[in-house]
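Undergrad: Below is a structure I'd like to ask you about.
Each value in this text was obtained by applying a stated rule to the coordinates, not by laboratory testing. Here the structure is a predicted model, which is why all the values come from computation and not from measurement. Here Cβ is always computed from backbone atoms with ideal geometry, including for glycine, and neighbour counts include all displayed protein chains.
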Amino acid sequence: MSLLAIFEQALNGMIVSSFYALAALGLAIIFGVLRVVNFAHGEFYMLGGYAYFMALSALGLPPVLGLVVAAAALAIFGALVEWLLIRPVYDGRADRPEEYSIMITFALSILLLNLANSLFGPWPRRPEPLFRGRIEIGELIVSGDRLAAAGVAVILITALLLGLRYTWTGRAVRAVSQNREAAEIFGISVTRVGMLAFAVGAALAGLAGALMGPVFNVVPPMGVIPVIKAYVIVVLGGLGSIPGAIIGAIILGQVESFATILIPDPSRALAYKDAYGLVLLIAILLLRPQGLFGTQDRRA
Amino acid sequence: MTTPQLEISGLIKRFGGLTALNSVDLSIGQGELVGLIGPNGSGKTTLLNIVSGYYPADGGTIRHSGTSVLGKAPHQLARQGIGRSFQITKLFKRLTVLENMLVAGLSDGTTSRAAATERAMGLLADLRLERLAHERAASLSGGQGKLLEFARVMMLEPEIILLDEPFGGVHPELKRFMHERIAAWNAAGVTIILISHDMGSIFELCARVVTLSYGDIICDGTPDETRNDPAVLDAYLGEQHG
């Protein structure tokens, strides 16, 4: 394999990793703060795609504002879902909070998928991308919509990490994810942080969907595969770990990218692409079930 | 007559068929340092958990400076001036020592970052932790963790501190240092309720000792009165002690 081919695969892997990271970070933040595995995360991703599509087609907004609308819509939607459906998990109203959280997010996933089918139909929609055309880097040719979407994803991830590290709200989110009881006694409203985490998690999923919509089309089941990859990533990185989700996304993106070119027949190679993550998931569960950055006492 | 800082009246807590607190009445004045003792399962930590908002009560009232605390969330009570520590240290292990302090110090939303950092560094110096300010809390020893929890409670500028078994597993030299700090905060006007199985510490620090047994207050007096109270001896040693 030539050096150029290796570089091309690595770049493709990094582009894909940035989208995976965006979706997985939302899942990791929600799990870290609320200890809820959000089975409706893929549908939040899908709603982000539709919100972006509607912002551009119905409101006539430019793509950048479309992203803002998608993020805001999903943040508000996430906050409402937390308030109406998730709060019983930790306010004592649910007798069996872990089972409740699984059932309620799973039911929400089915509901949203069917609602989207009824409202928008099963037809694929292709919204305007952030950037059209191709970008040439030496001999490498990269599609502009992918590279622009990856660039936005990297900016968003960086902003999120800086916010978590340097703002008081970010510290409060980290404190609640590390010790909920102690955070409460030091004056942090865990209810407010929980709502914020769910809103941010939903907005990140929605942004990932909005960025991917122009690349892979917007259809009701568009979130199914990305969310499976997001689960693989958060398990690989360690449930609830933010650095783990980023490293996990990079690993999965690179594994998919390089494993694909190891199979000589290109049509078969692409067919197996989604299986590599599942193989990785099985391997990590057997060898290091707590993930790369997880701790052994963390509850699954 | 001045309003007590903490007034507990007819407090009842049940866990299923078990009555953990059986109509407890307790009044604590501003600046008191009260020891709360009793055998395991007597209701001490349950009482602290209700006062700090972790458990709802099944009956009775609790007033802090005349204001009811029942029904309020722990974070609201923390901002209202009720601080507490836990039996098992609960640090934010992946945050630095200073970040642990700032989480508490900035939670009211009104303190500036500079003022909170200055206060945090002062408290860390007071507890001999300033050189560890930028270390992760996970790297602290057990004793240093206890001191950080103390410092973090003080970041809230509390009027009342509820200390739950602060001396468990602590080296005697560190325990002596913790005694000094507790006495100094109390001398500065902070009301303290101290739960401990370490009778030496309780009798040395507290002018008033309250003894709970099976959810009832069986003795409320000076260390000498407590030591010589037959009901206290019965509770700890059984009725056939003498």
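Undergrad: Mind checking whether some residue in the range A:188-195 is within 14 Å of chain B (Cβ to nearest Cβ), touching a helix residue (DSSP H, G or I) at 6+ places or on another chain (Cβ under 8 Å) and among the polar types (S, T, N, Q)?
TA: yes
Undergrad: Moving on to the next point. Among the numbered conditions (1) in contact with a His (Cβ under 9 Å, 6 or more places away or on another chain); (2) surrounded by fewer than 21 Cβ atoms within 10 Å (Cβ to Cβ); (3) farther than 23 Å from B:Leu194 by Cα, tell me where B:Glu165 comes up short.
TA: Of the numbered conditions (1) in contact with a His (Cβ under 9 Å, 6 or more places away or on another chain); (2) surrounded by fewer than 21 Cβ atoms within 10 Å (Cβ to Cβ); (3) farther than 23 Å from B:Leu194 by Cα, the odd one out for B:Glu165 is (3).
Undergrad: Could you tell me which of the residues A:Ala203, A:Ala199, A:Ala159, A:Ala175 is out of contact with any His (no Cβ under 8 Å at 6 or more places or on another chain), within 14 Å of chain B (Cβ to nearest Cβ) and either in a helix (DSSP H, G or I) or not β-branched (Val, Ile, Thr) (or both)?
TA: None of the other options fit; the residue is A:Ala175.
Undergrad: Select from the range A:68-97 the residues that are closer than 20 Å to B:Tyr55 by Cβ and hydrophobic (A, V, I, L, M, F, W, C) and list them in ascending order.
TA: A:Val89, A:Ala94
Undergrad: Six or more apart or on different chains, Cβ atoms under 8 Å: show the pairs whose first residue is in the range B:170-193 and free of Cβ contacts under 8 Å to residues at least 12 places away in the same chain and whose second is aliphatic (A, V, I, L, M) and not in a helix (DSSP H, G or I).
TA: none
Undergrad: Next up: Residue by residue through the range B:171-201, note down the ones that are among the charged types (D, E, K, R), within 13 Å of B:Phe150 (Cβ to Cβ) and crowded, with 16+ Cβ neighbours inside 10 Å.
TA: Within the range B:171-201, B:Lys175, B:Arg181 meet the criteria.
Undergrad: Would you pick out the residues in the range A:162-172 that are within 14 Å of chain B (Cβ to nearest Cβ) and without any contact (Cβ under 8 Å) to a residue 12 or more places away in the chain?
TA: Within the range A:162-172, A:Arg165, A:Tyr166, A:Thr167, A:Trp168, A:Gly170, A:Arg171 qualify.
Undergrad: Next question. Pull up the range A:245-267, narrow it to residues that are farther than 18 Å from A:Ile225 by Cβ and either crowded, with 21+ Cβ neighbours inside 10 Å or among the aromatic types (Phe, Trp, Tyr) (or both), then point me to the one that is farthest from the chain's Cα centre (by Cα).
TA: Among those residues, the one meeting the criterion is A:Phe258.
Undergrad: Do we have B:Ala151 as free of Cβ contacts under 8 Å to residues at least 12 places away in the same chain and under 21 Å from B:Glu32 (Cα atoms) here?
TA: Against the criterion (free of Cβ contacts under 8 Å to residues at least 12 places away in the same chain and under 21 Å from B:Glu32 (Cα atoms)), B:Ala151 does not qualify.
Undergrad: Can I ask one more? Residues in the range B:120-134 that are farther than 26 Å from A:Val33 by Cβ and within 14 Å of chain A (Cβ to nearest Cβ): how many?
TA: 1
Undergrad: Can you name the condition, by its number, that B:Glu149 falls short on among (1) within 9 Å of chain A (Cβ to nearest Cβ); (2) part of a loop (DSSP other than H, G, I, E, B); (3) closer than 30 Å to B:Gln5 by Cβ?
TA: (2)
Undergrad: OK, next. Residues in the range A:268-278: is at least one assigned to a helix (DSSP H, G or I), basic (Lys, Arg) and under 17 Å from the mean Cα position of the chain (by Cα)?
TA: No.
Conditions tested, residue by residue: (1) in contact with a strand residue (DSSP E or B) (Cβ under 7 Å, 6 or more places away or on another chain); (2) closer than 20 Å to B:Gly83 by Cα; (3) of a type outside the set (Phe, Trp, Tyr); (4) assigned to a helix (DSSP H, G or I).
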residue: B:Pro158; (1), (2), (3), (4): yes, yes, yes, no
residue: B:His179; (1), (2), (3), (4): no, yes, yes, yes
residue: B:Ile182; (1), (2), (3), (4): yes, yes, yes, yes
residue: B:Asn186; (1), (2), (3), (4): yes, yes, yes, yes
residue: B:Ile193; (1), (2), (3), (4): yes, yes, yes, no
